[in-house]
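Comments concern the structure below.
The values are calculated or read from the model by the stated rules, or taken from the named source; none is laboratory data. Computed from a predicted structure; not experimentally measured. All Cβ positions, glycine included, derive from the backbone under ideal geometry; neighbour counts span all protein chains shown. Protein only, heavy atoms only, side chains kept; ligands, DNA and RNA dropped before computing areas. Shrake-Rupley method; radii C 1.70, N 1.55, O 1.52, S 1.80 Å.
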Amino acid sequence: KCRNCGHEGEVEQILAADFIPPGKHFELILQICPRCTARFVDHVPPMDYAAEELIELGWHIYQAQVGAGLWPIVVPLAAIDKPAGARILEIGGGYGFGLDICVQALGWQGVGYDPSPLGDYGRRELGLDLRKDYFTEDRLKDGKWDVIVATEVIEHLDDPPGFLRLMRKAIAEDGVLVLTTPDGACITPALSNDELVSPLAAGAHLVLQTVQSLRMALEEAGFAYTDVQSEQLGLTAYASAAPLTLRDDPHRARALYRHYLGQRAASAVLGSDTQIGFATRELFDAANDGDFEAADIAWKILCDGVRQRYGLELETLTALPEGCGTASLSELAARMPLGLGLIFFARAMRKLASGESRVAVRPLLELVLQGVNALQQALAQRALDDKLADNIEGIVRLELLLCDAEAGRPEVAEALLALNDKVAGWRGFVALVNAGAFSAAARLRDGLGAEPDAEIPDGLRRDVLLSLANFHLASDGDAALALPVADELAALGMPADEIRLGSFVRLVNGGRYEEALALTARHDVAAMAARAGGEAARDAGLAQAVLELAVGDPALVPGLLAMADVVPARCVELLLGAFTSLVNDARYEEADNLAETHALLSRLDGQKGQAEEDARWAAMMLDLQQGRTDEAVARILALENAGGDKALLAGFYVDCFIRLVNDGRYDAARAMDGVEHRLPLCREMLRQDALAALVMLDAQPGGQGGRVPARLSALAAVQMPQERVTELTLAALSVLGNRGESEAARQVLKLAEPLFIKARAPFEAAVRDALFAAGVLHMQEKTEWPRGAATFAKLRDSLVKEHPPGEDEPAPPAPLFWPALRGELVVLQNLKRGEEAVGLLRTYLPAYRDAPEDLRMQVEGG
């Protein structure tokens with residue numbers, strides 16, 4: 001007869017096994033009801049839930065510190081939409097954590113019923129209204145409940161329908177019943193013995209529900225609205241007489257749970273089971289959530305609590321207390337926290353996630369194994385097991401192998417392959433490559449396959465591909481094999497430039513130019529290098545330069561080497577060639593930048609070779625073009641001393657001289673010896689420019705003005721155009737006259753006078769300046785005063801034509817007008833032609849503005 005729906009008749013037997021826990025022995029037979037699909041045992045073994053045996057075992061400590069799963073309780077409770085103050089009834093809550101969550105986290109109020117002695121501890125340590133009793137019909141007088149919670153209860157009952165009918169009577173019309181229970185549909189021959197232990201709980205679980213059977217039982221009990229969900233070997237059911245409104249907000253549930261753990265860990269009595277339990281769970285869940293601040297707070301609480309309770313220092317603990325490895329559960333609970341393995345596991349994961357190496361975390365992982373093994377052996381003495389401890393043990397054993405891989409221990413490759421776990425194996429491969437243990441990594445890779453397959457999670461797959469690329473790019477690897485790996489990474493949206501650049505550099509350095517060229521045909525190496533920057537870009541730039549020098553276009557070398565900061569000796573020739581090419585192409589700024597970036601010119605001293613020789617000439621040309629004349633002169637002289645082409649260098653030397661004169665750097669120009677000796681080696685145009693510069697240099701202060709007339713006369717011999725001879729003659733006359741070099745100026749004046757005769761007013765500035773200088777010279781000799789008057793008059797007439805007098809008001813004169821008029825007046829006075837001088841003053845003083853005061857006084861004084 002089905003214990004769930006009452007169906008009688010033939011049933012299918014799904015499982016039969018002998019179960020022999022300590023001190024007991026009975027046969028477990030599990031049936032399947034053909035009507036409701038529930039799984040039920042064929043007979044009910046005696047079970048006294050009120051017995052003190054569990055307390056004697058230390059079960060209450062285990063439940064408080066680590067055993068009770070609180071997150072599975074929070075999830076269904078958080079889905080119920082009831083306000084603070086709602087009446088809550090918990091059935092079979094044991095220690096009372098479900099009721100505590102309702103009160104502390106959700107703000108509900110109520111009581112709990114459980115016949116086991118665990119409730120005594122929950123009542124005392126959690127401060128709850130927990131009643132050591134079964135919930136029966138006579139309790140209905142206490143009124144209706146807004147929420148009734150029975151987590152992992154119904155599977156223990158031999159009459160589930162009776163229990164559900166009682167719950168229907170106890171629930172308010174809009175109240176919600178919440179049940180959790182193992183999913184009987186998961187009990188199949190595919191499960192291993194270890195996986196069967198927990199859902200079967202032989203001797204305790206009598207009826208295992210399925211979605212169908214539990215919904216049928218709830219409906220037959222009078223619940224009009226049900227919601228039964230199956231997840232991870234368990235069922236969660238919500239039932240009500242009114243339409244259900246449930247919250248589907250996992251983020252809210254998680255936040256509620258984490259807040260509850262943190263608040264309870266901080267408020268519980270220091271060193272109590274509940275304080276250690278709450279802090280242990282908070283540490284574990286905070287580390288899993290990546291909430292390191294909360295994890296560190298929980299760790300501090302645990303350190304204080306464990307020190308208070310057990311006298312142990314978690315920060316410095318290196319081994320479990322003596323006797324833990326063989327202790328019973330109650331004995332173990334007296335020596336250490338039962339969740340010590342879990343505590344150190346969470347601490348280790350927090351450290352790993354923060355970037356600490358596995359090698360540094362290894363001592364913690366060793367403690368994790370000691371802790372979980374001690375707990376498991378203690379539970380095994382009573383045929384019990386902790387699934388989380390089992391899970392952690394497997395994770396830690398793998399982490400220890402990964403520690404070995406991270407340390408580069410070669411024997412770990414075989415140990416990882418022995419696991420027959422590709423995910424673990426590829427994680428080890430990544431660690432071995434990162435450790436530079438390429439031989440061990442190669443053995444592991446050979447056993448795992450060439451590349452990760454579809455089983456590998458995406459995140460790990462990306463890590464593996466990156467490590468494979470580094471593996472192929474290692475000294476003993478084949479760089480070409482890294483390219484398809486880079487393509488895979490690019491297809492996953494991962495950066496692949498550095499891998500392709502690394503492969504390119506390795507191929508070039510290995511002389512595999514055709515493969516390197518094929519790579520550049522598929523990918524823009526220069527663009528990749530620009531994106532990558534840093535050392536990768538420098539190496540790629542140098543490799544491209546080597547490749548272009550070997551099989552490509554050397555003209556591309558400058559741009560490629562612009563990425564290089566540190567240049568190997570074998571690439572200096574390339575850089576010098578690039579520098580010379582830039583200068584020859586008149587790309588002077590780029591040449592300057594290249595020379596400065598790589599200190600190229602300082603490399604030339606004492607170095608021999610064609611590239612160095614070409615670069616010396618290029619440096620001289622660059623200095624000339626960039627206006628660094630002094631530096632250019634020094635380089636020209638150095639090239640001459642080294643036996644350079646004298647005719648070519650003579651032209652450059654003379655060009656520097658001309659530049660200095662044109663820039664007004666007369667002292668520097670005079671310091672250049674041998675200019676005139678080099679002139680015969682220069683082309684005609686350059687000789688003309690040099691002679692003109694010599695004329696102007698001697699005309700300047702500090703020059704030998706006496707040589708100027710002869711130099712001007714010599715210009716005809718070099719066939720200098722007359723226009724330029726005229727310009728130089730007039731300029732020399734002006735400069736020498738202004739300097740007071742009268743004798744030399746008079747010699748130049750003889751050459752200039754034919755030019756004055758040809759000149760027509762208004763005169764150009766050079767003629768005006770020269771006429772003024774000529775007038776001043778005539779003033780200095782009495783015999784030449786008439787010529788001086790004529791010269792000044794000629795200049796004055798030109799200036800008047802250039803700037804005629806104002807008709808209605810005075811006009812501004814030409815800049816040289818007043819000095820020229822004064823000169824004319826002085827000469828006229830000297831010639832006793834005062835009337836004429838006064839006439840000029842009376843004519844021009846009213847006509848022009850800004851007349852000098854001394855000229856006005858002459859008119860006013862008669």
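Listed values for the range 485-492 are Karplus-derived 3J(HN,Hα) couplings in whole Hz (6.51 cos²θ - 1.76 cosθ + 1.60, θ = phi - 60°), namely 5, 4, 4, 5, 4, 4, 5, 8, and x replaces Gly and Pro.
The Cα trace of the range 569-627 gives Rg and Dmax of 10.2, 32 Å, the first to one decimal, the second as a whole number. With helices as the sole contributors, the chain gives -18000 deg cm²/dmol at 222 nm; each DSSP H run of n ≥ 4 counts as -39500 (n - 2.57), and the sum is divided by every residue.
Take the Cα coordinates of the range 287-340, assign each an equal point scatterer, and use the Debye formula without solvent to give log10 I(q)/I(0) at q = 0.23, 0.32 Å⁻¹. Once normalised to I(0) and log-transformed, intensities are -0.91, -1.24.
Distance from the C-alpha centroid of the range 429-454 to that of the range 658-696: 74 Å, rounded to the whole angstrom. Take the Cα of GLU8, step 7 Å toward its Cβ, do the same at GLN610, and the gap between the two points is 11.3 nm. Ranked from largest to smallest solvent-accessible area, with a 1.4 Å probe on the protein heavy atoms, HIS60, HIS803 come out as HIS803, HIS60. The value for the range 351-430 of Rg(Cα) / (2.2 N^0.38 Å) is 1.20.
Our analysis of the range 149-241 gives Rg over Rh at 0.99, with the two radii drawn from alpha carbon positions and Rh computed by the Kirkwood formula.
Applying the Karplus relation 6.51 cos²θ - 1.76 cosθ + 1.60 with θ = phi - 60° to the range 149-155 yields 3J(HN,Hα) values of 10, 9, 8, 6, 10, 4, 5 Hz, where x marks Gly and Pro.
Solvent-accessible surface of the chain, taken per residue with a 1.4 Å probe and all protein chains present: 46 Å². Placing pseudo-labels 7 Å out from each Cα toward the beta carbon at LYS141 and LEU246 gives an inter-label distance of 3.6 nm. Size check on the range 96-179: the Cα extents along the three principal axes, sorted descending, read 34, 28, 23 Å. Taking only the C-alpha atoms of the range 1-138, the Rg (one decimal) and the largest Cα-Cα distance, Dmax (whole number), read 18.4, 50 Å.
Roughly how many whole Å is it from the C-alpha centroid of the range 581-620 to that of the range 283-332? The two parts, judged by their Cα centres, are 69 Å apart.
Amide H contacts under 5 Å for ILE148: LEU89, VAL176, LEU177, VAL178, restricted to partners 5 or more places along the chain or on a different chain, H placed in the peptide plane at 1.01 Å from N.
Among residues other than VAL111 with Cβ under 15 Å from its Cβ, the summed charge is -2 (Lys and Arg +1, Asp and Glu -1). For the range 202-347, the convex hull drawn through the C-alpha positions has a volume of 168 cubic angstrom per residue.
Shape annotation for the range 430-494: C-alpha extents along the principal axes are 28, 23, 18 Å, from largest to smallest. A simple spin-label model places pseudo-atoms 7 Å from Cα toward Cβ; at THR316 and SER742 they are separated by 10.7 nm. For the range 189-244, the C-alpha radius of gyration sits at 1.36 times the compact-globule guess of 2.2 N^0.38 Å, with N the residue count. Rg and Dmax of the range 320-460, both derived from C-alpha coordinates alone, stand at 17.0, 52 Å. Against the empirical 2.2 N^0.38 Å (N residues), the chain has a Cα radius of gyration ratio of 1.83. Looking at the range 126-268, the DSSP beta bridges with both ends there are about 70 percent antiparallel. In sequence order, the range 341-353 has phi-based couplings of x, 5, 4, 5, 4, 4, 5, 5, 5, 5, 5, 4, 5 Hz under the Karplus curve 6.51 cos²θ - 1.76 cosθ + 1.60, θ = phi - 60°, and Gly or Pro positions carry x.
For GluC sites (Glu not before Pro), the sites in the range 403-466 that DSSP calls loop and that have at most 12 other Cβ atoms within 10 Å are GLU411, GLU455. Taking other residues whose beta carbon is less than 11 angstrom from the beta carbon of ILE88, and scoring Lys, Arg as +1 and Asp, Glu as -1, yields -2.
Ordering GLN263, LEU825, GLY67 by Cα displacement along the dipole of the chain toward the positive end leaves LEU825 in first place; charges were set at the Cβ atoms of Lys, Arg (+1) and Asp, Glu (-1). Restricting the range 18-123 to GluC sites (Glu not before Pro) that sit in a DSSP loop and have at most 11 other Cβ atoms within 10 Å of their own Cβ leaves GLU52.
With all protein chains in place and ligands, DNA and RNA left out, the 1.4 Å accessible area ranks THR37, THR180 as THR37, THR180, largest first.
How large a share of the accessible area of the chain, in percent, is made up of carbon and sulfur atoms when the probe is 1.4 Å and the other protein chains stay in place? Carbon and sulfur atoms account for 51 percent of the accessible area of the chain.
If you filter the range 676-714 for trypsin sites (Lys or Arg not before Pro), then keep DSSP loop positions with at most 12 other Cβ within 10 Å, what is left? Counting only loop positions with at most 12 other Cβ atoms within 10 Å, the trypsin sites (Lys or Arg not before Pro) in the range 676-714 are ARG683. Summarising the strand pairing of the chain, around 60 percent of its internal DSSP beta bridges are antiparallel. Mean projected area of the Cα convex hull of the range 706-820, taken over all directions, amounts to 7.5 nm². Using alpha carbons only, the radius of gyration of the range 684-770 set against its Kirkwood radius gives Rg/Rh = 0.95. At a Förster radius of 22 Å, what calculated FRET efficiency corresponds to the Cβ-Cβ distance of GLU411 and VAL359, to the nearest 0.05? E between GLU411 and VAL359, to the nearest 0.05, is 0.85.
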